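The values are calculated or read from the model by the stated rules, or taken from the named source; none is laboratory data. Owing to the predicted nature of the structure, the values given are computational and were not obtained by experimental measurement. Using ideal geometry, Cβ is built from the backbone for each residue, glycine included, and neighbour counts are taken over all protein chains shown. With ligands, DNA and RNA removed, areas are computed over all heavy atoms of the protein, side chains included. Shrake-Rupley method; radii C 1.70, N 1.55, O 1.52, S 1.80 Å.
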Amino acid sequence: MRIAVVHGFGAPGGEDEAVLDQVAALTRAGHEVRLVAANGRGRGPLATLRAFGPDVVHVHNLYPAFGRAWVTEWTGPVVATLRHGPHRGSRFAALQFPWAPRGGLRQDPLLRRADRLVVLSEASRDACARAGLPRERLDVVPDFVPTVAEPEVGAGGASGVDGGSGADGANGSGAAWVCVGPLAPERGVLELLRRWPAGERLDVIGAGPLEGRCRAAAPASVRMCGAVGRGELRRALPGYRGIVLPGRGTRRAVPLVYAEALAAGLPVLAFEGAGASAVPRAVRSEGTGTVTTLDAHLPGALDVAAKIFPTLREHCRAVYAKRYGEGAWTERTECLYASLVA
């Protein structure tokens, strides 16, 4: 099958990496794939698409690289992935879906034209349907992450991230916890550090506007590792005891780091708050860890997790393979494309 992937680089939240992973997966599956991309504002993709002649066009991020009017001129099948949905209060969502504040998603040229709309979770599909998009055109296909290689225990990277491994770090026994993500208000890391028990080791991997305040709030048992490369992170994750994801707000799709953790066999301690975050829902439905709140007794929650998590590592890898692995994503996507081409 000939597949064109249209994407403007510079998207938030790991979307660029997800798109590149998907292009590589489709290529490995034997398809002829053309990535039509721009970094910053670019020319419309129509000329390139017409020269390539794809069986299907898959659109990811268009802002600000490409406009949207070109889709009305394209006559072949079009699929669009909606990663940032109609969430209130999201600046990027307002830019990606300029009609959302007026309740008119159905007037958007891309959303009207696309034959199918890919969302990353059932919660996202529900939200899009409530906003006016036809449910029959919404397909749930979670992003995947590539398979994680077995770690070299104790092999630290340039930043000193070593998976919390001591002599027994390979199975998480006696190792540190890890928290991964941008140090931004919606991620809840600052609130977590203010409550973190002084006797529990924690590595915080990430950077952001709250980094200074996070460093000031962190007890001595917390190591601030800064941002690290994806390869280094993936090598380190299997050596940790578990991953702590205190994300807050109304994120309706699990972040890629959740799938990265499962691929590494790393159970998840998720936190519920006022928003409808997808991570606690996924942890409960998939049995990949435990759920607590920032108001709960955190030492007790960590004690419970420390007892349960060693028994969940293989289960987490199995959930990854079934739901977030490359093979599962490729099979779902091929079926979606085939239904449109046929």
Tell me, in nm to one decimal, what length is gained between Asn39 and Arg284 on full extension, where the rule is 0.36 nm per residue of separation less the Cα-Cα distance? 84.4 nm
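Highest mean first, what order results for 188-197, 71-80 on Cβ atoms within 10 Å?
Numbers: 188-197: 20.3, 71-80: 16.8.
The peptides rank, most packed first, as 188-197, 71-80.
Taking the highest mean first, how do the peptides 290-302, 257-269, 198-210 order by number of other beta carbon atoms within 10 angstrom per residue? Numbers along the way, then the final one.
Values: 290-302: 16.2, 257-269: 26.1, 198-210: 17.7.
Those peptides, ordered most packed to least, come out 257-269, 198-210, 290-302.
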Working with all protein chains in place, sort Met224, Met1 by solvent-accessible area computed with a 1.4 Å probe, largest first. Met1, Met224
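Sorting Leu20, Leu62 by accessible area (1.4 Å probe), largest first, what list results?
Details: Leu20 85, Leu62 5 Å².
From most exposed to least exposed: Leu20, Leu62.
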Per residue accessible area of segment 176-316, 1.4 Å probe, in Å²: 39
